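The values are calculated or read from the model by the stated rules, or taken from the named source; none is laboratory data. Note that the structure is predicted; figures quoted are calculated from it, not measured. Here Cβ is always computed from backbone atoms with ideal geometry, including for glycine, and neighbour counts include all displayed protein chains. Only protein heavy atoms, including side chains, enter the accessible area calculation; ligands, DNA and RNA are left aside. Shrake-Rupley method; radii C 1.70, N 1.55, O 1.52, S 1.80 Å.
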Amino acid sequence: MRDALRRGMGDLTFSQVRDNFEHRHAIGEFQTVEPQKHDTGPRLTTPETIAAERATLEHMQHGQNTVRPS
């Protein structure tokens, strides 16, 4: 919220930023991630980021045990 307000350069109100975020969260553009023990606020991600992370894990898993250690 803070960064969005800064980028708005005084042309946006907190209510506008909050409403825009809540709408985007409701339609799935942002997804909440399970909090970890010491988190101080909500953790958010996007479907694109989740897909990229899954692709990285899949690529890594396909490469396991394909090269002998030296």
Problem set entry | V33 long-range amide H proximity, modeled H, under 5 Å | R43, L44, T45
Problem set entry | Helix 14-26 axis, angle to the chain major axis (alpha carbon atoms, nearest 10°) | 40 degrees
Problem set entry | Per residue accessible area of the chain, 1.4 Å probe, in Å² | 93 Å²
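Can you tell me the dipole magnitude for segment 16-70 around its Cα centre, using point charges on the Cβ only (Lys, Arg +1; Asp, Glu -1), in Debye to the nearest 20? All intermediate terms of the calculation are to be shown ahead of the outcome.
Working: 6 positive and 8 negative charges, 50 e Å.
Using Cβ point charges on Lys, Arg, Asp and Glu, segment 16-70 gives about 240 debye.
Loop only by DSSP, 16 or fewer other Cβ within 10 Å of the Cβ. Give me the trypsin sites (Lys or Arg not before Pro) in segment 1-42 that pass, ordered by residue number.
K37
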For this session: Treating the angle as unsigned and between 0 and 90°, give the value, to the nearest 10°, between the Cα long axis of helix 47-63 and the longest Cα principal axis of the chain.
Result: 10 degrees
Exercise. Per the 1.4 Å probe, what fraction of the accessible area of the chain, in percent, lies on carbon and sulfur atoms?
Worked result: 52 percent
Problem set entry | Dipole of the chain, positive direction: furthest Cα of Q64, G41, G8, with charges on the beta-carbon | Q64
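Mean shadow of the chain, computed from the convex hull of its alpha carbons, in nm²?
Mean orientational projected area (the chain, Cα hull): 8.1 nm².
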